[in-house]
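I have placed the structure first, in the form of structure tokens, so that the comments after it can refer back to it.
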Amino acid sequence: IDTSRLNIHYRISYVEDTTHTEKKSENYMMLQIGKNTSKFSDFFGLKADALSTIFAEQKMDEIEAMNKLIPIQKGSIPINIFKDYPKNKITVTDYLPMGGFYKYSEDKIKPIWRMGNDTLNICGYNCQNAFTTYRGRNYIAWFTYTVPISDGPWKFWGLPGLILKVLDDKNEYSFESVAIEKP
């Protein structure tokens with residue numbers, strides 16, 4: 001689809017059941033940013049895909065390969081979120097147990113951001129905060145002008161720099177960058 005120019009690793013924390021907000025799940029996701037498209041997906045799913053290709057090239061026995069891949073994929077999230085910059089579209093692919101694979105596209109609608117005055121250092125980048133209400137939730141985001149790319153985790157974007165942290169006001173969803181790399 002595109003060649004990744006920048007990879008941002010995020011630790012995500014989320015409540016699966018809002019009637020039990022004390023119980024949270026955690027995963028690691030990666031935002032891969034290219035010239036025309038970005039992809040937000042599970043880090044361990046990406047790692048398993050890469051290893052699967054290597055194992056196939058090595059002509060590794062399928063059962064041996066699966067035994068090595070299953071522990072890596074355990075707990076991974078099968079969702080992929082693509083932001084197509086030129087077409088202003090977001091495409092989501094996902095897998096639901098008992099429901100199979102599905103895909104949908106939607107217009108990439110820019111959240112209405114209100115700038116804050118607070119700053120925070122994330123992964124060595126000085127970040128400023130901003131606020132929005134998106135899909136019924138109130139969020140605070142931290143973005144850096146140092147990386148002037150209007151993108152971020154999940155479906156977040158629209159600020160004058162890369163979003164490195166987002167959390168909702170109920171502390172049910174949190175995305176925080178833990179590493180940034182140029183491939």
**Study point:** Looking only at region 166-175, and only at residues there that are over 17 Å from residue 33 (Cβ atoms) and not small (Gly, Ala, Ser), the one that is most open to solvent (accessible area, probe 1.4 Å)
**Key:** 170
Point to revise | Candidates 132, 146, filtered to the one that is assigned to a strand (DSSP E or B), β-branched (Val, Ile, Thr) and over 15 Å from the mean Cα position of the chain (by Cα) | key: 132
Exercise for review: Identify, from the list 153, 97, the residue that is within 23 Å of residue 13 (Cα to Cα) and free of Cβ contacts under 8 Å to residues at least 60 places away in the same chain.
Suggested key: 97
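Each row is one residue, and each column tells you yes or no for (1) among the polar types (S, T, N, Q); (2) open to solvent by 70 Å² or more (accessible area, probe 1.4 Å); (3) more than 22 Å from residue 167 (Cβ to Cβ); (4) modelled with pLDDT of 80 or more.
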position	(1), (2), (3), (4)
24	no, yes, no, yes
27	yes, no, no, yes
33	no, no, no, yes
41	yes, no, no, yes
47	no, yes, yes, no
100	no, no, yes, yes
Practice item. Please specify each residue of region 156-183 satisfying the condition of being under 15 Å from residue 31 (Cα atoms), charged (D, E, K, R) and in contact (Cβ under 8 Å) with a residue 60 or more places away in the chain. Key: 176, 181, 182
Review point. Of all the residues that make up region 8-31, how many are touching a residue at least 12 places away in the same chain (Cβ under 8 Å) and farther than 20 Å from residue 86 by Cα?
Key: 16
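The values are calculated or read from the model by the stated rules, or taken from the named source; none is laboratory data. Worth saying up front: this structure is predicted, and the values here are computed from it rather than measured. No Cβ is skipped: glycine too gets one built from the backbone with ideal geometry, and neighbour counts run over all protein chains shown. Just so you know, the surface numbers come from the protein's heavy atoms only, side chains and all, with ligands and any DNA or RNA stripped out. Shrake-Rupley method; radii C 1.70, N 1.55, O 1.52, S 1.80 Å.
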